[in-house]
Each structure stands twice: as C-alpha cells, then as structure tokens.
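The values are calculated or read from the model by the stated rules, or taken from the named source; none is laboratory data. Computed from a predicted structure; not experimentally measured. As a convention, Cβ positions derive from the backbone with ideal geometry for all residues, glycine included, and neighbour counts pool all protein chains shown.
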Amino acid sequence: MKKGTMTEARAKRLTLFFLSLAMLLLLLGGYLSMANNRCEVTTYAMGSFVQQKVYGRGRENAAQKAANEIVLLEEQISWRVEGSDIAKLNDTAGTVFQEISPRTYDLLAMGKTVNARSGGAFAVTIAPLSRLWDFDEAKNWVPDAALIAESRAQVDDEMLLLDNGTAVLKTRSHAIDIGGIGKGAACEAAVTVYEEAGITRAIVAVGGSVGVLGEKPFGSPWQVAVQCPEGSGNVGELSLSGTVYVSTSGDYEKYFEVDGVRYHHLLDPATGYPADSGLSSVTVLADAGGLSDALATACFVLGFEEGKALLAQYGDAVQGAIFISKDNQVLVSASLGDRFVLTDDAYTQTVYEG
Amino acid sequence: MCIAAGLVFLAAAGWLLLQTRPAGTTVVVTGELAGEQTFQIETMDEPVRLSIAGKDADVVVEITREGAAFVEADCPDQTCKKSGRIRRAGETAVCLPARVSIRVEGGVGLDAVTH
C-alpha cells in the first residue's frame, strides 16, 4: 500500500518534470523558429534560378519586389528583349544618341572601364563574337576561322559612346551584349531593394552570382560555397557578412567538346576563341554586382598574374579573389584571410598578396 | 499520465530537432526497378522532371533547387503526393506501389554556391 503511494507521487513528479521540460523545449523551438523566420523564394529570370533568403520584418514584400526588379532589369539589359535599352542601342547603331535607363547607363560605363583597365579582356561590345559562337543555343560546332577573325575585329568598346544618360554605337557593325554581367547586376538590384525596405539580413543568388547583405540570425556569417571546376561538389567555402557580391567565371559552366577539345563560353576578345590562360575558374568579391561579374570574366581571360594586377587597380572596391588553375592550385588573396576555407584536398591552396 | 507527458516531451524534442535541421544539398531518387540517381540541387539550372516506371505504378518526380516532390502518380492512393516537397536533410518521401523513394541528404548549412 505504502509502496503504491510512493509510486504515485513519483509518477506525478515525473509527469511534472516531463511537462515542464517539454514546455521549455517548445519555448526554445519557438524562439529559434522566430529568429529563423525567413522568406525563401525561388523564381526564374535571366535563364537562371533566382534564389532569395530574406529575414526580418517585411521580408515577403521585399523578396517579391526584388524578384520583380530582376525581371525589370532583364527587360532593360537583355539584347534579346525587344525594346530593351541594349536592343535599342544595337538597332540604332551608327545613328544618333539614345536615351537609356540610368541603370543600363551605369552598367555600360562600368563595363567600359573594366574594358580599358583590362586591355580589352572584358568587352560590352562582345555581341558579334558571342552571337557567332552562341553557347546558349548549344550549336556544338566551332565557327569558321575567317568568321571569327571578322567578328573579333568588330569587338571594340571605344565604339560605344556614352554621354550624360545617352549612348550610341558608332557604326552598324558593332553590337552590345552584357549578358555576362546581368546576373551580378541582378543580385545588386535585389540587395538594393532589401536595403530600401529596411531589411538587414538577406542573401540572393542569381545563377552562380551571389549578393549578401548583413549576416545570418545570431550573427553567424553566410556560407557561400565555391563550386569545384571538375565535376560536382565544392572546392571550398566563403564565410561572408556585410554587403558583398560574389561572382565566378569558370570553363565548366557552358561548353562543348569537339575532338577532345573543350570550347567554353568565356571568349577572349583578343583571339576570338575561348580564353586559355591556365585557369579553370576565378571568383571575385566586390562591392558591386555587375563589377564582380565583369572582373571575374576579365580575370579568367587574363590569367592569374594580369588578373591580379587588374584587381589591384580597384582598391577597396574588390574585397578579394580566388583563382583556380588547371593544375588544381587555388590562389587566394591575402585580403580574404580566414574567410575562405579549402574543403577539397585534391586542390592545393596558396595565399597571394592582394 | 506519466507516459502521456513523456510522449509530449518526445514530440517537443522532435519538433525542436526539425527546426534546427539544415536544408539539404543532394536529392537521391531510388527506384527498385530504376536504380539510384543523385542530384546536386544547389547547382541545378533548371528543374528536372523524372518519369519513373515502378513496380505497380508509374510516378513523376520533380527535383528543383527547392527540393523534390512526387508530382504525378497513377496509383489509387496518391499517398506520395501528399508528402509534398521535401527539402531538409534527412527528409524522405516514398511511393510504395511504385517502390520509389526520394530523400534529401548532406545538409551542410550552405546558403549559396558561386559558379
């Protein structure tokens, strides 16, 4: 009898214990899920997925607005979209100055500067060449050498004149294609929307270009992996916070093979053929999205030494870079410090001054 | 009473675990007849629709960067479609008549991949 009472009291105590513990866990879970409350949306634009993770008050509206803004940007800067700023400039080449949106104007101005500073490794007037190779259509054949030479001669950013919100291409044989900086510019457009909406924590990825704002809840940095040039998986991870844009140009993204030779989409305006600078990928971290895209492309074309020198010209606007060579060397700028961690031991990491 | 409280505790603990589990990076589709296929969802450019001829039913699995889901099944019970889209590491969905399962693996807590 006595024993039974004891058990009952114990059972009550145990019940109370379990219930209070469960309550504690629920409270903790509730707090975690509140802090982790985020809006995650995936949309499709610029031929890529647009992935957003937005935290904080007003996140849903901000994400929706950012997605719309990216579509709007595409309608301004895609040469394929009828009536876009770029289509307008291409259509009116050789005639008079056209008024274009401030955003397109700024992108073209930035592109022309990268063109000048890189000795032409990146060009906004790449259209004659990029259309000839047309990697988007996956034609899978190498164009005729004479045609390549002819198209290459038409790539010249000095033939694009910019003047106070207006622009013109000097002759009809020139054309603009800034598809190479569209995704980075889209990340920047999204981050600008977040900032205007008072959002302080968000990350956006448009294809392989990434824009970061602030940090994750509880102060941990965003984890952005750098894709491995060979096969799937990642070479390493970046821990990022603040406002920064990350872009990567690699020979593994869009390519075809003919007779065992890989023809990738990063064309060298100097030769008219896919760039062959000993690199398989370059990742650039910059304070503007279009800029990180343009610099990653230019660095891939230039190779490590010249690419490094180009980035140095940009001072604080470039936060760091990761060059991956074809012989699996990963060259990381000292400015990245411990923000980059190599995770694939098939690669060797070296830190360079930059 | 005590057992019920224990169950409540276990449910709360399970829920907490679910809250903290990171999103996955790999979707593995396994069919008894079709074999196993793996998708790195973070680097996918376009959604993949996979038609799988199963044992007693045929299914269509859709894999996107947001995870994977059974979107079509010609079986009467349609249980697999009710699982919805799975996306967290460790989550699974199965279609028993077709003997096809999908699962998310390898959540390392990545927020994005640059490529």
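State whether one or more residues within segment B:55-78 are among the hydroxyl-bearing types (Ser, Thr, Tyr) and not in a strand (DSSP E or B).
The initial filter retains those residues of segment B:55-78 that are among the hydroxyl-bearing types (Ser, Thr, Tyr), namely B:64.
Still in the running and not in a strand (DSSP E or B): none.
No, the conditions are met nowhere in segment B:55-78.
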Exercise for the section: Considering only residues that are without any contact (Cβ under 8 Å) to a residue 60 or more places away in the chain and either assigned to a strand (DSSP E or B) or more than 16 Å from the chain's Cα centre (by Cα) (or both), look in segment A:231-241 and name the one that is nearest to the other protein chains (Cβ to nearest Cβ). Expected result: A:Ser232
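Take residues that are surrounded by fewer than 17 Cβ atoms within 10 Å (Cβ to Cβ), in contact (Cβ under 8 Å) with a residue 24 or more places away in the chain and not aliphatic (A, V, I, L, M) and tell me which of the strands (runs of 3 or more DSSP E) falling wholly in segment A:263-354 contain 1 or more.
Details: elements: A:279-286, A:318-325, A:329-333, A:340-342, A:348-352.
Filter on segment A:263-354 gives A:348-352.
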Completion exercise
The one condition A:Lys112 fails out of (1) within 11 Å of another protein chain (Cβ to nearest Cβ); (2) in a helix (DSSP H, G or I); (3) surrounded by 18 or more Cβ atoms within 10 Å (Cβ to Cβ); (4) not hydrophobic (A, V, I, L, M, F, W, C) is (1)
Practice task
Being facing chain B (nearest Cβ under 10 Å) and in a strand (DSSP E or B) is the filter; apply it to segment A:27-49 and report the residue that is surrounded by the most Cβ atoms within 10 Å (Cβ to Cβ).
Solution key: A:Phe49
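Is there a residue being away from every other protein chain (no Cβ under 14 Å) and touching a Leu at 6+ places or on another chain (Cβ under 6 Å) anywhere in segment A:245-265?
So in segment A:245-265, the residues away from every other protein chain (no Cβ under 14 Å) come out as A:256-263.
Narrowing the set further to residues that are touching a Leu at 6+ places or on another chain (Cβ under 6 Å) leaves none.
No, there is no match, as no residue in segment A:245-265 is away from every other protein chain (no Cβ under 14 Å) and touching a Leu at 6+ places or on another chain (Cβ under 6 Å).
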Practice task
Say whether the condition of being loosely packed, with under 13 Cβ neighbours inside 10 Å, at the interface with chain A (Cβ under 9 Å from one of its Cβ atoms) and in a loop (DSSP other than H, G, I, E, B) is met by at least one residue in segment B:26-43.
Solution key: no
Problem - Residue under evaluation A:Gly207, criteria (1) more than 10 Å from chain B (Cβ to nearest Cβ); (2) surrounded by 24 or more Cβ atoms within 10 Å (Cβ to Cβ), criterion not met - result: (1)
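Answer with yes or no whether B:Gly84 is more than 11 Å from chain A (Cβ to nearest Cβ), touching a residue at least 60 places away in the same chain (Cβ under 8 Å) and within 14 Å of the chain's Cα centre (by Cα). Write out each step before concluding.
Details: more than 11 Å from chain A (Cβ to nearest Cβ): yes; touching a residue at least 60 places away in the same chain (Cβ under 8 Å): no; within 14 Å of the chain's Cα centre (by Cα): yes.
Here the answer is no, as B:Gly84 does not meet what is asked.
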Exercise for the section: May I ask you to verify whether A:Ala63 is part of a helix (DSSP H, G or I) and more than 17 Å from the chain's Cα centre (by Cα)? Expected result: yes
Fill in the blank from the handout: Result of the Cβ filter at 7 Å on segment A:1-14, keeping first residues that are surrounded by 11 or more Cβ atoms within 10 Å (Cβ to Cβ) and partners that are modelled with pLDDT of 65 or more and not β-branched (Val, Ile, Thr), at least 6 apart or interchain, is A:Ala11/B:Met1; A:Ala11/B:Cys2; A:Leu14/B:Cys2
Practice task
Test each condition in (1) exposed (fewer than 15 other Cβ atoms within 10 Å of the Cβ); (2) farther than 30 Å from A:Thr200 by Cβ; (3) more than 10 Å from chain B (Cβ to nearest Cβ); (4) over 25 Å from the mean Cα position of the chain (by Cα) for A:Arg80 and report the one that comes out false.
Solution key: (4)
